[in-house]
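Engineer: Here's a structure for you.
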């Protein structure tokens, strides 16, 4: 069984990552940077601990849908939009969680189409590809509406409730103070979370439609998946893998962000991994990641000396809390009145960090310069 | 030092991930020695027989086990219990032992750092990658379970002292090494000759003074190790345990050395001569069993005794010894010592395939000196690592060992290509040689064929043999691995001999 995960990882995720790094470096997406290191970026994408631990430790097949999504992203960056749409539809059909990225794809492709000669024709082309892929995959179930509805209802079990376990989600973290379950029935909760999610990704959505750019696309992916993670209904802790994918793609530009996010994402999965007896693997994979992040040639390492003392203190404080929480979770027993106290504390810490990071990435995307589209239009005229 | 520490850190993460893998009976052996040294008084260490795993390493290693038993007893007292701890395989014992091997590799880190720190940056990093990430060492130490990294670290330390010209320190380090694992005695002739000629120089008085200094330093190390046993009158017992005669020429799985060819030749000759009508007596003894009276395990060829193997080893080492005697230079010492261990591996009595580590690891440093050495190391490290594969026979370790060898080969390939580029650009500045095109390849035609053959052997063992023979003739794939690797090892030995005769 483990072989099937490994082989699917090898066959799908690895080539997609290679393709992406190749496209990224060739197109010079991140602007001209000195000391760019393609192997380091590849290592960051392939080796991020969460995917390794969840897929190969806990056992899941996330790598297939993530690989297809990564392939779609790379195809968008290399201007093969039809291929990208097909790949992304396949990803959605493999795991509906990939819908987290849908707003970003939609907004970017729409923005690109609107900038061309025949916008309606372009949109129709993409639409046809998407519908075609869906039809291909759903073929066995398309004989009656009942079958389709059955599949759909299994995919989205809303009756399970707002959240399972403890997730570093908005609803879960604030439920400590505001008991949402008692205030609103399920219908209105669904509606509320929909509103919250849409309003969270709306700024980046609009921005991409108005001014699509490659860098902006990567940020938009991060923003939309984060907004879904934070505000959506029925989020699992493993969903943090989805925002992590675009974060790893942006690793060369925002190394600090990526490292920070990775560490807290792992922390949010810590209770799950403890239950699976993967603590040793957690420590060694995290340490290995840390080593590769700070590789000795120093080109992609971070210059910590450039940060002010206040900033450094601000960063080390949550880090210290997380170390303490690691130890507490393993050694102490929570009081009987609050059996999930330690999980809640871990989640609160992670949530706070995620909120900071989301705000940062949203502002970054909105502040991105608009000039890239003009240069592309200029090249097309030539 | 930071670079070396980085390499060591990455390796340690991988070693931690290897904790739950298969381990051999060596695990129980070392656990028993932890219990033995902590529970029993010194006088009974070498005479205790409460377990079949008797202490057969010299005293300094026993002191090391005593040191380790202190934190072990704090962690989980059952580990060091002589009776209750037998075959104790709880996770605490597993974790402790594995972490102790990884921690003992700090000595390897120190040795590698001292040896490689004088090299230019790219070659230094390459050297660290080969020394600290050696797949053979990972397989033997961290899966199969042994403490070779620690001992090889002492060897590298001693070699680094000698390469820097600090002979006294090198001699003392080597004495410590011998008193920790007596298998390293094979390198003693080279050390003796080299130190005699290089260190004990000058006028008669000065030379004698130095000789006495070296002698007393080494003697002091031996005294620390064996002194207490001499005091208790146990020396004979200690020697009896350290050198158990009664084992056969080969281990159960034949190490890929010269004797493989001898045995195969014997079998072929017996078969052919029997077909031709001669009467050949079937041998009563086996190769892996002990010496049974006067009967020989060989049907046709003359019998081989430990004395003969000893003579052959010394004979094979003699060109190296003569060179060391005539012109002792510190820059060649690593090559000579590696060659000595190669001779010991090729012609020794009851050699285990793990002994190939003893010369493969030092040769990683030698590989940095020239492209020829790099080429040789490429072939040698792949062959020696592959010959260790039969040690891990469980299916769950299969992808691990393949992956380790593959990553190492890719690293070597990329590193040496870079090496070649920098060398050829340097050569073009100094000389114009058109005929150097073939010389600039990492691996020639013959080498490629040989390595492809390695694939073939593995394919046979994994797929074709079960297909054709099922469960019959289970020793055949192992024999094939032995013979094929022995060819590579013989080539390595011959190549090293040629290098020493021509260039050193």
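No lab work stands behind these numbers, since they all come straight from the coordinates. Predicted model, so just to flag it, every value in this text is computed and none were measured. All Cβ positions, even for glycine, are placed from backbone atoms using ideal geometry, and neighbour counts span all protein chains on display.
Engineer: Whole angstrom only: what separates the Cα centroid of region B:294-334 from the Cα centroid of region B:258-280?
Structural biologist: Answer, in whole Å: 25.
Engineer: Using Cα pairs under 8 angstrom and six or more residues apart, how large is the relative contact order of chain B, in percent? Could the numbers behind the result be given before it?
Structural biologist: Numbers: 596 pairs, mean separation 82.8, N = 504.
The value is 16 percent.
Engineer: Starting from the Cα-Cα distance between residue B:424 and residue B:501, subtract it from 0.36 nm times their residue separation and give me the gain in nm to one decimal. Numbers along the way, then the final one.
Structural biologist: Working: separation 77, 0.36 × 77 = 27.72 nm, distance 2.58 nm.
25.1 nm is the gain from fully extending residue B:424 to residue B:501.
Engineer: In which sequence would B:373, A:276 go, from the one with the fewest C-beta neighbours within 10 Å to the one with the most? Each step should come with its number before you reach the end.
Structural biologist: Working: B:373 19, A:276 16.
Going from least to most buried by this count: A:276, B:373.
Engineer: Using only alpha-carbon positions, what ratio does the radius of gyration of region A:2-366 give when scaled by 2.2 N^0.38 Å?
Structural biologist: Numbers: Rg = 20.7 Å, N = 365, 2.2 N^0.38 = 20.7 Å.
Cα-based Rg divided by the globular estimate yields 1.00.
Engineer: Another question about this same structure. Per DSSP helix of 4 or more residues, -39500 (n - 2.57); summed, then divided by the residues of chain B. What does that give at 222 nm, rounded to the nearest 500?
Structural biologist: Value at 222 nm, helices only: -21500 deg cm²/dmol.
Engineer: Give me A:236, B:142 sorted ascending by neighbouring Cβ count inside 10 Å, so fewest comes first.
Structural biologist: Working: A:236 15, B:142 24.
Ranking A:236, B:142 by Cβ neighbours within 10 Å, fewest first, gives A:236, B:142.
Engineer: If you don't mind, there's one more thing I want to ask. From the C-alpha coordinates alone, can you work out the Kirkwood hydrodynamic radius of chain B, in Å?
Structural biologist: Numbers: mean 1/r = 0.0410 Å⁻¹.
After inverting the mean inverse Cα-Cα distance, the result is 24.4 Å.
Engineer: Once fully extended, how much extra length lies between residue B:487 and residue B:75, figured as 0.36 nm per residue of separation less the alpha-carbon to alpha-carbon distance? Walk me through the numbers before you get to the answer.
Structural biologist: Values: separation 412, 0.36 × 412 = 148.32 nm, distance 4.71 nm.
Gain on stretching residue B:487 to residue B:75: 143.6 nm.
Engineer: Rounded to the nearest 0.05, what FRET efficiency do residue A:10 and residue A:256 have when you use their Cβ-Cβ distance and R0 = 22 Å?
Structural biologist: Values: r = 31 Å, r/R0 = 1.39.
Calculated transfer efficiency: 0.10.
Engineer: While we're here: Under a 10 Å cutoff between Cα atoms, tell me which one of A:114, A:136, A:90 has the largest fluctuation in the Gaussian network model of chain A.
Structural biologist: A:136
Engineer: Rank by packing, highest mean first: peptides A:248-256, B:206-214, with packing defined as the count of other Cβ atoms within 10 Å averaged across residues.
Structural biologist: Details: A:248-256: 20.6, B:206-214: 14.6.
Ranked by mean Cβ neighbours within 10 Å, highest first: A:248-256, B:206-214.
Engineer: Tell me, what is the Rg over Rh of the protein assembly as shown, with Rh the Kirkwood radius over Cα pairs?
Structural biologist: 1.03
Engineer: Average partner chain C-beta neighbours within 10 Å, per residue of A:270-281?
Structural biologist: Numbers: counts 0, 0, 0, 0, 0, 0, 0, 1, 0, 0, 7, 4.
Shielding by partners across A:270-281 averages 1.
Engineer: Once R0 is set to 35 Å, what does the formula 1/(1 + (r/R0)^6) return for the Cβ-Cβ distance between residue B:409 and residue A:59, expressed as a FRET efficiency to the nearest 0.05?
Structural biologist: 0.70
Engineer: Summing -39500 (n - 2.57) over the DSSP H runs of n ≥ 4 in chain A and dividing by its residue number, what mean residue ellipticity at 222 nm do you reach, to the nearest 500 deg cm²/dmol? Write down the numbers at each step before the final one.
Structural biologist: Numbers: 18 runs with 261 residues, N = 382.
Calculated mean residue ellipticity at 222 nm is -22000 deg cm²/dmol.
Engineer: R0 = 30 Å: FRET efficiency of residue B:25 with residue B:315, Cβ-based, nearest 0.05? Before the final figure, lay out the partial values.
Structural biologist: Working: r = 35 Å, r/R0 = 1.17.
According to the calculation, E is roughly 0.30.
Engineer: Over chain A, what is the relative contact order in whole percent, taking alpha-carbon pairs under 8 Å and six or more residues apart? Let's see the in-between values first.
Structural biologist: Working: 395 pairs, mean separation 79.3, N = 382.
Taking the mean separation of contacting Cα pairs over the length of chain A, I get 21 percent.
Engineer: Provide a whole-number value for the mean count of partner chain Cβ atoms within 10 Å of the Cβ atoms in peptide B:11-17. Intermediate values should be presented prior to the final figure.
Structural biologist: Working: counts 2, 4, 10, 2, 1, 7, 7.
Per residue, the number of nearby Cβ atoms from other chains is 5 on average.
Engineer: Here's another thing I want to ask about it. With just the Cα atoms defining each centre, how far is region B:1-15 from region A:83-122? Give it in Å.
Structural biologist: What the calculation gives is 43 Å, centre to centre.
Engineer: Right, next: Fewest Cβ neighbours within 10 Å first, please rank B:182, B:332 accordingly. It would help to have the intermediate numbers written out before the result.
Structural biologist: Numbers: B:182 17, B:332 21.
Least to most surrounded, the residues fall as B:182, B:332.
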